[in-house]
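Enquirer: Take a look at the following structure, please.
The values are calculated or read from the model by the stated rules, or taken from the named source; none is laboratory data. In this text, all values refer to a predicted model and were calculated from it rather than measured experimentally. Quick reminder, even Gly has a Cβ in these numbers, built from the backbone with ideal geometry, and neighbours come from all protein chains shown. Note: areas computed on protein heavy atoms with side chains; ligands, DNA, RNA excluded. Shrake-Rupley method; radii C 1.70, N 1.55, O 1.52, S 1.80 Å.
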Amino acid sequence: MTASIAQAPTALDDAIVRNAEATLETIGRARDAIHTVIFGQEEVVDLTLVTLLSGGHGLLVGVPGLAKTKLVETLGAVLGLDARRVQFTPDLMPSDILGSEILDEGADRRRSFRFVKGPIFAQLLMADEINRASPRTQSALLQAMQEQHISVSGERHDLPKPFHVLATQNPIEQEGTYPLPEAQLDRFLLQIDVAYPDRDAERRILIETTGADDAKPSAVMSAEHLMNAQRLVRRLPVGETVVEAILDLVRSARPGSEGTSGITDRLLWGPGPRASQALMLAVRARALIEGRVAPSVDDVITLAEPILKHRMALTFAARADGETLSSVIGRLTDRLRG
């Protein structure tokens, strides 16, 4: 990965270009450090970095044993973030995540309540198997993910900065689980599907993870570096062509959209404006990772499925016909290519 910025617009502020070049070099070293522990899964790593650089939350979906938990632990170490993990179970209570007030008695025997912070007070929170917890507990994350603070007994408690949730979900075990409500799914910037590694990556996993020594990731960034990168992402320019492509894609993915009736009549509901906002941020972050200071329509096409998949639903008839959201989104992005 090169540390030079390709085709920087002449009108762009020189300070932004210099900042982008420095950030690009740091991100390149962070990717290399992550791949010393996570073998293969380049697309998953990049999409996760896009999520964090955009200042959002990610939902990692994949079967057990694909290093989802390891990825989050590695990200915390490499990015220099205070990372914590919560294993979601059916008996997990909201207070187990948020924290609770306890009654203290001082030396003068006076009693007062003291708030004990829960694991949500972290810069990177891993919500492992999030769909195993009850809706009541899942909803405890809603305010935190959107507002960056929580309320306990009427008192506001601000969360650390930056604050990110990376949740994992097993797509095959559905017994004893509680599907995430649409309102919470919409809080996740990207849904990142984690597939099986290819043969070469799995060979490397066999050799390098069954010996006496385990690879340890080194810290490359800090929380302050990450927040600087997030501010830079929001300053990067987005061309009118890319803005129109985002609008065309998101609006065409809604039932009843003009010109896509043969596609969208298969949809029960489609993405709202939050999907457009997510794309505006994510395409900038992806461009920066790829060595550019401005996104292209190709970035919109690449990120269409991770952005839209969890914000759409098929009708029963479409599912019965074997239709998938991936194929629907693929037909919508083909229109952008044309």
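Enquirer: For region 208-222: of the residues being modelled with pLDDT of 85 or more and surrounded by fewer than 17 Cβ atoms within 10 Å (Cβ to Cβ), which is farthest from residue 300 (Cα to Cα)?
Expert: Step one: of region 208-222, the residues modelled with pLDDT of 85 or more are 219-222.
Then drop every residue that is not surrounded by fewer than 17 Cβ atoms within 10 Å (Cβ to Cβ), which leaves 219, 222.
On the way: 219: 31, 222: 29 Å.
So the residue we want is 219.
Enquirer: In region 289-338, how many residues are outside any loop (DSSP other than H, G, I, E, B) and over 30 Å from residue 16 (Cβ atoms)? It would help to see each step written out before you state the result.
Expert: At the first step, the residues of region 289-338 found to be outside any loop (DSSP other than H, G, I, E, B) are 289, 292, 297-311, 313-314, 316-320, 325-337.
Now restrict to residues that are over 30 Å from residue 16 (Cβ atoms): 309-311, 313-314, 316-320, 325-332, 334-335.
Result for region 289-338: 20.
Enquirer: Give the residue, chosen from 229, 294, 313, that is crowded, with 20+ Cβ neighbours inside 10 Å and closer than 19 Å to residue 189 by Cα.
Expert: Numbers: 294 fails: closer than 19 Å to residue 189 by Cα; 313 fails: crowded, with 20+ Cβ neighbours inside 10 Å.
Answer to the check: 229.
Enquirer: Something else now. Residue 324 passes all but one of (1) under 23 Å from the mean Cα position of the chain (by Cα); (2) in contact (Cβ under 8 Å) with a residue 24 or more places away in the chain; which number fails?
Expert: All conditions pass for residue 324, except number (2).
Enquirer: Would you say residue 56 is open to solvent by less than 50 Å² (accessible area, probe 1.4 Å), more than 24 Å from residue 306 (Cα to Cα) and either among the aliphatic types (A, V, I, L, M) or part of a loop (DSSP other than H, G, I, E, B) (or both)?
Expert: Values: open to solvent by less than 50 Å² (accessible area, probe 1.4 Å): yes; more than 24 Å from residue 306 (Cα to Cα): no; either among the aliphatic types (A, V, I, L, M) or part of a loop (DSSP other than H, G, I, E, B) (or both): yes.
For residue 56, the condition - open to solvent by less than 50 Å² (accessible area, probe 1.4 Å), more than 24 Å from residue 306 (Cα to Cα) and either among the aliphatic types (A, V, I, L, M) or part of a loop (DSSP other than H, G, I, E, B) (or both) - is not met.
Enquirer: Take residues that are among the β-branched types (Val, Ile, Thr) and touching a residue at least 40 places away in the same chain (Cβ under 8 Å) and tell me which of the helices (runs of 4 or more DSSP H) falling wholly in region 169-253 contain 1 or more.
Expert: 199-208, 223-235, 240-252
Enquirer: Could you list, in sequence order, all residues of region 233-257 that are of a type in the set (D, E, K, R) and within 15 Å of residue 331 (Cα to Cα)? Show your work before the answer.
Expert: Kept after step one, since they are of a type in the set (D, E, K, R), are these residues of region 233-257: 234-235, 240, 244, 248, 251, 254.
Result: 248, 251, 254.
Enquirer: Among the residues of region 266-321, how many are within 16 Å of residue 333 (Cβ to Cβ) and touching a Phe, Trp or Tyr at 6+ places or on another chain (Cβ under 6 Å)?
Expert: Looking only at region 266-321, we keep the residues that are within 16 Å of residue 333 (Cβ to Cβ), and these are 266-267, 270-271, 275-276, 278-279, 282-283, 286, 295-309, 311-312.
From the residues that got through so far, the ones that are touching a Phe, Trp or Tyr at 6+ places or on another chain (Cβ under 6 Å) too are none.
Looking only at that region, the number is 0.
Enquirer: Just to be sure I understand, how many residues within region 88-107 are surrounded by 18 or more Cβ atoms within 10 Å (Cβ to Cβ) and assigned to a helix (DSSP H, G or I)? Full working, then the answer.
Expert: Keep residues of region 88-107 that are surrounded by 18 or more Cβ atoms within 10 Å (Cβ to Cβ), which gives 88, 92, 94, 96-99.
Now drop any that are not assigned to a helix (DSSP H, G or I), which leaves 94, 96-98.
Number of matching residues: 4.
Enquirer: Limited to region 256-270, what total is found for residues that are part of a loop (DSSP other than H, G, I, E, B) and more than 26 Å from the chain's Cα centre (by Cα)? Spell out how you get there, then give the answer.
Expert: Residues of region 256-270 part of a loop (DSSP other than H, G, I, E, B): 256-260, 265-266, 270.
Subsequent filtering for residues that are more than 26 Å from the chain's Cα centre (by Cα) retains 256-260, 265-266.
Result for region 256-270: 7.
Enquirer: Which residue is surrounded by the most Cβ atoms within 10 Å (Cβ to Cβ), if the candidates are limited to region 108-166 and must be in contact with a Lys or Arg (Cβ under 9 Å, 6 or more places away or on another chain) and assigned to a helix (DSSP H, G or I)?
Expert: 141
Enquirer: Turning to a different aspect of this structure: Six or more apart or on different chains, Cβ under 6 Å: which pairs go from a residue in region 66-82 that's within 17 Å of residue 159 (Cβ to Cβ) to one that's assigned to a helix (DSSP H, G or I)? Could you list them?
Expert: If the second residue must be assigned to a helix (DSSP H, G or I), the pairs left are 79/226; 81/223.
Enquirer: Within region 167-182, restricting attention to residues that are modelled with pLDDT of 80 or more and surrounded by fewer than 19 Cβ atoms within 10 Å (Cβ to Cβ), which residue is nearest to residue 80 (Cα to Cα)? Talk me through it step by step, then tell me what you get.
Expert: Step one: of region 167-182, the residues modelled with pLDDT of 80 or more are 167-170, 179-182.
Filter again for surrounded by fewer than 19 Cβ atoms within 10 Å (Cβ to Cβ), leaving 170, 179, 181-182.
Working: 170: 27, 179: 32, 181: 32, 182: 32 Å.
Looking at residues that are modelled with pLDDT of 80 or more and surrounded by fewer than 19 Cβ atoms within 10 Å (Cβ to Cβ), I get 170.
Enquirer: Right, something else. Going by the conditions given, is residue 318 farther than 21 Å from residue 248 by Cβ and over 19 Å from the mean Cα position of the chain (by Cα)? Give the derivation first.
Expert: Details: farther than 21 Å from residue 248 by Cβ: yes; over 19 Å from the mean Cα position of the chain (by Cα): yes.
Yes.
Enquirer: Show the residue pairs meeting these rules: Cβ distance below 6 Å; 6+ apart or different chains; first residue within region 91-119 and under 14 Å from residue 152 (Cα atoms); second residue open to solvent by 100 Å² or more (accessible area, probe 1.4 Å).
Expert: 99/117; 101/113; 102/114
Enquirer: Could you list all residues from region 265-280 that are of a type outside the set (A, V, I, L, M) and farther than 14 Å from residue 252 by Cα?
Expert: At the first step, the residues of region 265-280 found to be of a type outside the set (A, V, I, L, M) are 265-266, 269-274, 276-277.
274, 277 - these are the residues of region 265-280 that are of a type outside the set (A, V, I, L, M) and farther than 14 Å from residue 252 by Cα.
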